[in-house]
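Enquirer: Got a structure for you, written out below as structure tokens; questions coming shortly.
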Amino acid sequence: MQGKGFFVRPKKEIFYTTINNNMKRVFLFLWVLWAMLPIAAQVTSVRSGELWPDDQGQHINAHGGGVLKYGDTYYWFGEHKSDHTSDALVGVTCYSSKDLLNWKNCGVALSVSDERGSDIERGCILERPKVIYNKVTKKFCMWFHLELKGRGYNAARYGVAVANRPEGPYKFLYSQRADAGTWPIEFGSQELAVVDTLNARNFKESWTPAWLKAIGQGLYVKRDFGTGQMSRDMTLYVDDDGKAYHIFSSEENLTLHIAELTGDYLHHTGRYTRVAPAGHNEAPAIFKHEGTYWMITSGCTGWEPNEARMFSAPSIWGPWTQHPNPCRGPRADKTFGGQSTFILPVDGKYIFMADIWRPRHPSDARYIWLPIEFEDNKPVVRWQDDWKF
Ligand code: GAL
């Protein structure tokens, strides 16, 4: 007899059919969810100039960047670029990888600030971030080129931030111009006597031979002596002895400066040298091979590519000698459409990293990663469509 009353037990087969249908629905729902997840295919080779998907299938957004190896992991830091502006709306991003091909998005390492008047206020210009690890303090130290919000490229400062973990979060410490009140180490009494005679007001016209000569002699070093030297495109370098250096475009981008950092990598010591005075170099990237320091730079044409330059020196303090363009292959006279940003040492070899800028759609900027080869004991960067480590 069928039961009556409040609780009627369903028939066994109806009970199981209901459960089966519910489970089917759950499985279907989970499958749809899974199908909607972005699936990143494995990256198996470097294809410079192409989209480079991260672990979520999104093009890596870390421009003007550099890579730090910590333990067995590589950390790639760079500028987050938005779709319609090159101003910093997000900050410095970080990606991690063990094979240099497949990168996990670790999010924002240093965030711009929403505080009005902050040096790194959202909408500032924050470029070319680099991170180095200090073995003594066990801190990760980030330096970058900073332009204050609403002031174009006039501030010409460097910024410093610090973190306890490679991927951050980084705490912004300060920003300023470089080496106020100090002369480059090569300025002895003779050079200073010449500097004494220089006066920016005497030069009505730029780019004349007399003006270029005066720049070389330190016209702008003198002009900015009190307030500090301009600091724009930059990189960092840690030498074998643990000493670190900040290398940056100074003097209205006319001369590179190499400035020694304090033991905690958070300040300049005040010791600095000038490289290629009046040579108009930007985008410095540096490495050391068998005791020789090599530096690849660009000329100054904004977001437009130009011909790469190369320098070498037996010591970080110089003397620096210029060599011909190291690039080989299609558009080698335009750095393959890119601009240098970093040189990454990997197991005794070196990878040249550059950016192909897309100022109208900044987030679509592309990366050039190419191996550095040596020919006649000089670095050569040869274009390859597709290569593996
Ligand atoms: C480039 C520089 C970039 C960015 C750009 C702005 O020369 O390397 O980092 O500052 O100019 O025009």
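Read-outs: derived from the displayed coordinates by stated rules, not from any lab. Since this is a predicted model, take the numbers as computed values, not measurements. Cβ: placed from backbone, ideal geometry, glycine included. Neighbour counts: every protein chain shown.
Enquirer: Net charge around HIS246, counting only other residues with Cβ within less than 13 Å of its Cβ (Lys, Arg = +1; Asp, Glu = -1)? Could the numbers behind the result be given before it?
Expert: Numbers: positive: ARG128, LYS130, ARG157, ARG177, ARG232, LYS243, ARG271; negative: ASP179, ASP233, ASP239, GLU260.
Around HIS246, the surrounding residues sum to +3.
Enquirer: Suppose R0 equals 41 Å; then what is the FRET efficiency for HIS361 and SER189 from their Cβ-Cβ distance, rounded to the nearest 0.05?
Expert: Step by step, r from the Cβ atoms, then E = 0.15.
Enquirer: Can you give the helix-only mean residue ellipticity at 222 nm for the chain, where every DSSP H stretch with n ≥ 4 adds -39500 (n - 2.57) and the sum goes over all residues, rounded to the nearest 500 deg cm²/dmol?
Expert: -4000 deg cm²/dmol
Enquirer: Tell me, what ³J(HN,Hα) does each residue in the stretch 90-107 have, in order and in whole Hz, if you take phi through Karplus 6.51 cos²θ - 1.76 cosθ + 1.60 with θ = phi - 60° and put x for Gly and Pro?
Expert: My calculation for the stretch 90-107 gives 10, x, 9, 9, 9, 10, 10, 7, 9, 10, 6, 10, 9, 10, 8, 6, 9, x Hz in order.
Enquirer: Let me ask you something else. Could you work out how far apart the two model spin labels at GLU373 and ARG151 are, taking each label as a point 7 Å from the Cα in the direction of the beta carbon, and quote it in nm?
Expert: The modelled label-to-label distance comes out at 4.7 nm.
Enquirer: Take the chain, drop everything but the C-alpha atoms, weight them equally and run the Debye formula without solvent; then report log10 I(q)/I(0) at 0.12, 0.13 Å⁻¹ to two decimals.
Expert: So the normalised log intensities are -0.92, -1.07.
Enquirer: Grab the stretch 46-153 and count how many Lys pairs have their alpha-carbon atoms under 19 Å apart, sequence gap of 8 or more, or different chains.
Expert: Step by step, the pairs that qualify in the stretch 46-153 add up to 13.
Enquirer: Counting other beta carbons within 10 Å of each Cβ, put CYS141, CYS94 in order, fewest first.
Expert: Arranged by neighbour count, lowest to highest, CYS141, CYS94 become CYS141, CYS94.
Enquirer: May I pose another question? How large is ³J(HN,Hα), in whole Hz, for each residue of the stretch 345-362 in order, when computed from phi with the Karplus curve 6.51 cos²θ - 1.76 cosθ + 1.60 and θ = phi - 60°, using x for Gly and Pro?
Expert: x, 9, 6, x, 10, 9, 10, 7, 10, 9, 10, 9, 6, 10, x, 7, 9, x
Enquirer: What size of dipole, in debye to the nearest 20, comes out for the stretch 283-389 about its Cα centre when the only charges are +1 on Lys and Arg C-beta atoms and -1 on Asp and Glu C-beta atoms?
Expert: The dipole magnitude comes to about 160 debye.
Enquirer: Right, another one. Just want the ordering: TRP183, TRP294, from fewest to most Cβ atoms lying within 10 Å of their own Cβ.
Expert: Lowest to highest Cβ neighbour count: TRP183, TRP294.
Enquirer: Assuming R0 = 45 Å, what is the FRET efficiency of GLN58 and PHE225, from their Cβ-Cβ distance, to the nearest 0.05?
Expert: That pair, GLN58 with PHE225, gives E of 0.45.
Enquirer: Just how far, in whole angstrom, is the stretch 203-217 from the stretch 67-108 if you go by their alpha carbon centroids?
Expert: Between the Cα centres of the stretch 67-108 and the stretch 203-217 lies a distance of 40 Å.
Enquirer: Would you compute the Debye intensity of the stretch 250-346 from its alpha-carbon atoms alone, equal scatterers and no solvent, and pass along log10 I(q)/I(0) at q = 0.12 Å⁻¹ to two decimals?
Expert: -0.41
Enquirer: Follow-up question, since we're still on this one. In nm, what is the difference between 0.36 nm times the number of residues separating PHE389 and ASN164 and their Cα-Cα distance? Provide the component values of the computation, followed by the final result.
Expert: Values: separation 225, 0.36 × 225 = 81.00 nm, distance 3.01 nm.
Computed gain between PHE389 and ASN164 is 78.0 nm.
Enquirer: Name the cysteines of the chain that stand alone by the Cβ rule: no other cysteine Cβ under 4.7 angstrom.
Expert: For the chain, the answer is CYS124, CYS141, CYS300, CYS327, because their Cβ atoms have no other cysteine Cβ under 4.7 Å.
Enquirer: Mind listing the long-range amide H neighbours of CYS106? Cut-off is under 5 Å, sequence gap 5 or more, other chains count too, H placed in the peptide plane at 1.01 Å from N.
Expert: Residues meeting the amide H criterion: CYS94, TYR95, SER96.
Enquirer: For the stretch 198-248, what ratio Rg/Rh do Cα atoms give with a Kirkwood hydrodynamic radius?
Expert: Rg/Rh: 1.15.
Enquirer: Order these by the 10 Å Cβ neighbour count, fewest first: TYR70, TYR220.
Expert: Exposure proxy ranking, most exposed first: TYR70, TYR220.
Enquirer: Please work out how much length the chain gains when fully extended from ARG116 to THR301, using 0.36 nm per residue of separation minus the C-alpha to C-alpha distance, in nm with one decimal.
Expert: Length difference between fully extended and current span is 63.4 nm.
Enquirer: Given Cβ point charges of +1 (Lys, Arg) and -1 (Asp, Glu) and nothing else, what value in debye, to the nearest 20, does the dipole of the chain about its Cα centre take?
Expert: In debye, rounded to 20, the chain gives about 1620.
Enquirer: Efficiency by 1/(1 + (r/R0)^6): what FRET value for ASP347 and TYR70, r their Cβ-Cβ distance, R0 = 25 Å, to the nearest 0.05? Write out the running numbers ahead of the final one.
Expert: On the way: r = 16 Å, r/R0 = 0.63.
FRET efficiency, ASP347 to TYR70: 0.95.
Enquirer: Over the Cα atoms of the stretch 150-301, how large are the radius of gyration and the largest Cα-Cα distance (Dmax), in Å?
Expert: My reading of the Cα-based Rg and Dmax gives 16.2, 51 Å.
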